[in-house]
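For reference, the structure discussed in these notes is given below.
Derivation of every value follows stated rules applied to the coordinates shown; laboratory data play no part. This one's a predicted model, so the numbers in the text were calculated from it and none came from an experiment. Here the Cβ is made from the backbone with ideal geometry for all residues, glycine too, and neighbour counts use every protein chain on show.
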Amino acid sequence: MNGGVDLLAAVRTLLGPVGGGPTDVIDPVEAAARVAWSAVVEPGDAVAGALVQGLGAERALASVRAAEDDGPLALVEECADAGVPGAEDPVAFLGTVGSALERWGPRLARCDVSAVVAAAVTTGARLLVPGSAAWPAGVDDLGPHAPVVLWTRCGRAAPGPALAVVGSRANTVAGAEATAEITSAAADAGCTIVSGGAYGIDATAHRVAVAAGTPTTAVLAGGIDQLYPAGNVELLRNVARQGALLAESPPGTRPTRWRFLARNRLIAALGSATVVVEAGARSGALNTAHHAAQLGRPVFAVPGAFSSPASVGCHRLVVEGRAQLVVRPGDPVDAVVGPRRPRGGRHVLHADEPLAPGREDPEVLRVLDALGRRALGEQELAVRSGMSFAEVADALALAELQGLVVHGVGGWTRS
């Protein structure tokens, strides 16, 4: 990993202090390598996570760069010697690593850790890595899907229990009232409120927490400098002052639908329990509930009128045994701070079950996210999406068949 004294000094500055803990135990070279990984891979990349956890970030990055030139055989052998999960079957693991190298390659060539660090310094962000005083231990439960770094703008440390509150962007008045009551109960019990900063239920939960003077955390789908949506910028600034903003993508990374889906796993991991207040049939809040169930966290759903489209998702969670019914505002809070007594109606998925993608093909979704207003070639799309050239070509072909993209003289555009 290349980097001079100035880079390492900047990394040390970004590392702390956050949460009042020591930072001299964090190796800045290893932290800088994690920053590089965050710039190369998309959130939740399980192959990258396994390599970083098994080999260490710096060693894994050096080995991957070598594999780019010499092929993946030496990397696979190194992983097998280190006991990296999956490497015990070298033939299958060789294919897995080969595919990963293809999707990482376009960004590896452009990776500039100094630029990422400089952008973070300009933004006033802090860098969290495993071992940092303020690193949230809950995200480690994601295993290889855990973030390699987290960026934060934090006004108040919140080490206590947390409740994730999510729901529809187009909430009803009843949904807002239920959110306010649940959030108030959680605040009274000393819980941090975790949500995604979106319109609707997310925003209501954050606003009630701010008004109650309790810490609240908003997990962003883009970089820590990308306060989105625009209508919630002032709210998110208030969250940063009273609690924390968190992001796993480097500063400057724009939020996309794919990253919103990936972001949901962090919301679920940060909360000791998750409550879905309102959710339509295809709401992203259901994705958060799914991740919470995978992690073995309690999931709750607020009932609504049977005629309300905003409650269809909540009702399905309960009927399918994936969530407990909220009977009173304190029910989710009891699961976080009260005695852990058995409750009916919760279905926990097997820990090894893969994270569920959105309803669209995930690779098509990532290519569509990468397309902007102007036409783009496949090489630029590979860099923007974090996919290999072959994956981009396949996704574009499928998207073209579905009538989602068109190819012109200047490249690909949305249809």
| So how far apart, in nm, are the two label points at V406 and E77 if each is 7 Å from Cα heading toward Cβ? | 5.3
| note | For mean projected area of the Cα convex hull in nm², with candidates (i) 61.2; (ii) 19.7; (iii) 20.7, the value calculated from the shown model is option (iii)
| request: For the chain, set up a Gaussian network in which alpha carbons nearer than 10 Å are linked by springs, and say which option among R282, R207, R366 fluctuates the most. | output: R282
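Once fully extended, how much extra length lies between S307 and L398, figured as 0.36 nm per residue of separation less the alpha-carbon to alpha-carbon distance?
Answer, rounded to one decimal: 29.1 nm.
What does the charge count around V47 come to, taking other residues whose C-beta lies under 12 Å from its C-beta (Lys +1, Arg +1, Asp -1, Glu -1)?
Spelling it out: positives minus negatives among the neighbours equals -2.
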| said: Could you work out [θ]222 nm for the chain from helices alone, using -39500 (n - 2.57) per DSSP H run of at least four and dividing by all its residues? Round to the nearest 500 deg cm²/dmol. | reply: -14500 deg cm²/dmol
| field | Residues whose placed amide H lies under 5 Å from that of W135, excluding near-sequence neighbours | value | none
| Each residue of region 251-256 in order: what ³J(HN,Hα) in whole Hz does its phi give by Karplus 6.51 cos²θ - 1.76 cosθ + 1.60, θ = phi - 60°, with x for Gly and Pro? | x, x, 6, 7, x, 9
| query | Where Lys and Arg each count +1 and Asp and Glu each count -1, what net charge lies around T96 among other residues with Cβ under 13 Å from its Cβ? | reply | -3
| task | Mind listing the long-range amide H neighbours of V405? Cut-off is under 5 Å, sequence gap 5 or more, other chains count too, H placed in the peptide plane at 1.01 Å from N. | result | E400, S415
| task | In a Gaussian network model over the chain where Cα atoms closer than 10 Å are linked, find which of R65, R110, R257 has the largest mean-square fluctuation. | result | R110
| remark: Under 5 Å from the placed amide H of V194, counting only residues 5+ away or on other chains, we find L163, A164, V165, T217
